[in-house]
Amino acid sequence: MIKIIATATCFCLVSIFTLRAGQPEWKQVPSILKQIVAPKFPARDFVITQFGGVAGGQTDCTAAISNAIEACVKAGGGRVVVPAGDFLTGPIHLKSGVNLHLDANAMLKFSTDPKAYLPAVFTRFEGTELYNYSPFIYALDQKNIAVTGDGTLDGQADASNWLAWKQTAQRPKLVKMAEDNVPMEKRQFGAGDDLRPDFVEFIRCRNILIEGVKIRRSPMWELHPLLCTNVTVRGVNIVSHGPNNDGCDPESCNDVLIENSLFDTGDDCIAIKSGRDADGRRVGVPAQNIVIRDCTMRDGHAGTAIGSEISGSCSNVFVEHCEMSSPNLVCALRLKSNAARGGVLQNIFMRDVNVGLVKDSVLQIDFLYEVGAKGDFKPVAHNVAMENITVAQTPRVLNVRGFHAAEISGVRIYNSTFKDIQKPDVVQDADVKLVNCTLEPAK
């Protein structure tokens, strides 16, 4: 049997008797989905206006929301409801059994005063643990929690407040503290350090649902489940174009479903992570069993990315039935690490994805990211398969950059069509093949 395979710089005919598509791997998906069950809540509502919340966007409703949450917990759980109207608030800390629900035409507008997000809480900044400003919506060691509804979460971030902190000098300080194994209790950051908080961050939580809400103007990553189990993200609408505005970052999580959602972002639409460098290896919890389906990706660095904070490794990622297209979308699938991060990225599968336009390539694997080969930890990408990918326009199909001490193996694209190709592929120190694919150069 003869098929067309594209190499790094040309097209050639080769035998592919020994190559096969990755469809058998998808048999794992039903068993993963059986483990992902959205939490249910008692039919009790605690409306924030009954606890002192005032619409209009001028009155601080932080205490009213906190009091509603406490009443909900005391009653045995239910919904804390934000009714129609604009409500100004600081950080919201969810507790077990609470569904923060935004009615249609409800908007939570989050304060741009950094002091509102102190005292500092336990969190991660780009994969490194520390104490820092509270995320806007936060939970630690809780179970059965949710953010739902048809309303809007508005972070109000712009260049006059949070986004001006992008070039902080404190990020290298934090990374150095982690490399030097400074105890967590001494990694205290906050006022004057300019490390932006995430929008929604749940840490070491179980049974999570984020459904329906719109998210706008985030200071940093938008949805960040961290060290969580049983996470459902469904029907969210995220449009936020600030720097590092990843749409959803499941980090060191197990059993995650992301579906029927829109991502139009200033960074990766979905970025799967597991900790940075020494800190990621110290915690040592991989990201695994993640299903992404029926989503729409517009602007962003990648439709789905794995890394770069991936030192704890990642396995069993399934992406299917998604639509991706934007002149600002760099690539459809992106794996990134380096010799300081390391990590094993394996069993990564994408199928039945329609791509209109991407800026750089369809598949990008970058192990020369940032410090590249400078480090002692071998990054590995193994068993990566894309199938039935249809692309209307792409500069190139592959942009894969490894190095001699790294491993990129068993990377295959099957039964796919790529049109309007403008440049040769880049494949460096990697085992990558296109099998039974149609490639049409730009006219």
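The values are calculated or read from the model by the stated rules, or taken from the named source; none is laboratory data. Please read these numbers as outputs of a predicted model, since none were measured by experiment. Neighbour counts run over all protein chains shown; Cβ positions are idealised from the backbone, glycine included.
Quick notes on this structure:
- Within the range 154-170, the set of residues being among the aliphatic types (A, V, I, L, M) and outside any loop (DSSP other than H, G, I, E, B) comprises 163, 164.
- Some residue of the range 181-201 being within 20 Å of residue 227 (Cβ to Cβ), acidic (Asp, Glu) and crowded, with 24+ Cβ neighbours inside 10 Å: yes
- Residue in the range 323-337 that is touching a strand residue (DSSP E or B) at 6+ places or on another chain (Cβ under 9 Å) and either of a type in the set (Asp, Glu) or closer than 20 Å to residue 232 by Cβ (or both) present: yes
- Residues satisfying the stated conditions in the range 371-392, i.e. in a loop (DSSP other than H, G, I, E, B) and touching a strand residue (DSSP E or B) at 6+ places or on another chain (Cβ under 9 Å): 372, 378, 379
- Leading residue by the ranking (farthest from residue 66 (Cα to Cα)) among those in the range 134-153 that are of a type in the set (Gly, Ala, Ser) and in a strand (DSSP E or B): 149
Conditions tested, residue by residue: (1) at pLDDT below 95; (2) in a loop (DSSP other than H, G, I, E, B); (3) of a type in the set (Phe, Trp, Tyr); (4) in contact with a Lys or Arg (Cβ under 8 Å, 6 or more places away or on another chain).
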| site | (1), (2), (3), (4) |
| --- | --- |
| 87 | no, no, yes, yes |
| 108 | no, no, no, no |
| 115 | no, no, no, no |
| 119 | no, yes, no, no |
| 130 | no, no, no, yes |
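- Residues of the range 202-216 classified as in a loop (DSSP other than H, G, I, E, B) and either touching a Cys at 6+ places or on another chain (Cβ under 6 Å) or surrounded by fewer than 22 Cβ atoms within 10 Å (Cβ to Cβ) (or both), total: 3
- Scanning the range 99-122 for residues that are closer than 24 Å to residue 211 by Cβ and surrounded by fewer than 19 Cβ atoms within 10 Å (Cβ to Cβ) yields a total of 3.
- Every pair of residues 6+ apart whose Cβ atoms lie under 9 Å, when the first sits in the range 214-237 and is on the phi > 0 side of the Ramachandran plot while the second is among the hydroxyl-bearing types (Ser, Thr, Tyr) and surrounded by 24 or more Cβ atoms within 10 Å (Cβ to Cβ): 217/240; 227/252; 235/261
- Of the residues making up the range 360-372, just one is surrounded by fewer than 16 Cβ atoms within 10 Å (Cβ to Cβ) and either touching a Cys at 6+ places or on another chain (Cβ under 8 Å) or hydrophobic (A, V, I, L, M, F, W, C) (or both), namely 371.
- Which listed residue, of 175, 182, 200, is of a type in the set (A, V, I, L, M), over 27 Å from residue 57 (Cβ atoms) and either free of Cβ contacts under 8 Å to residues at least 12 places away in the same chain or in contact with a Pro (Cβ under 9 Å, 6 or more places away or on another chain) (or both): 182
- Options 354, 347: the member that is surrounded by fewer than 22 Cβ atoms within 10 Å (Cβ to Cβ), more than 23 Å from residue 286 (Cβ to Cβ) and at pLDDT 95 or above: 354
- Test for residue 20: is it touching a helix residue (DSSP H, G or I) at 6+ places or on another chain (Cβ under 7 Å), over 25 Å from residue 203 (Cβ atoms) and either of a type outside the set (Gly, Ala, Ser) or at pLDDT below 95 (or both): no
- Of all residues making up the range 332-360, the number that are touching a residue at least 60 places away in the same chain (Cβ under 8 Å), assigned to a strand (DSSP E or B) and either more than 19 Å from residue 383 (Cβ to Cβ) or among the hydrophobic types (A, V, I, L, M, F, W, C) (or both): 1
- Taken over the range 286-324, residues that are on the phi > 0 side of the Ramachandran plot and either in a loop (DSSP other than H, G, I, E, B) or under 13 Å from the mean Cα position of the chain (by Cα) (or both) amount to 5.
- Among the residues here, residue 118 qualifies as of a type in the set (A, V, I, L, M, F, W, C), touching a residue at least 60 places away in the same chain (Cβ under 8 Å) and over 30 Å from residue 36 (Cβ atoms).
- Meets criteria (touching an Asp or Glu at 6+ places or on another chain (Cβ under 8 Å) and crowded, with 21+ Cβ neighbours inside 10 Å) for residue 125: no
- Some residue of the range 383-394 being crowded, with 24+ Cβ neighbours inside 10 Å, out of contact with any Leu (no Cβ under 8 Å at 6 or more places or on another chain) and more than 21 Å from residue 438 (Cα to Cα): no
- Selection count where residues are under 26 Å from residue 279 (Cα atoms) and polar (S, T, N, Q), scope the range 223-266: 6
- Filter pass, residue 405 being of a type in the set (A, V, I, L, M), in the same structural domain as residue 274 (by TED's automatic domain parsing) and either over 17 Å from residue 429 (Cβ atoms) or assigned to a strand (DSSP E or B) (or both): no
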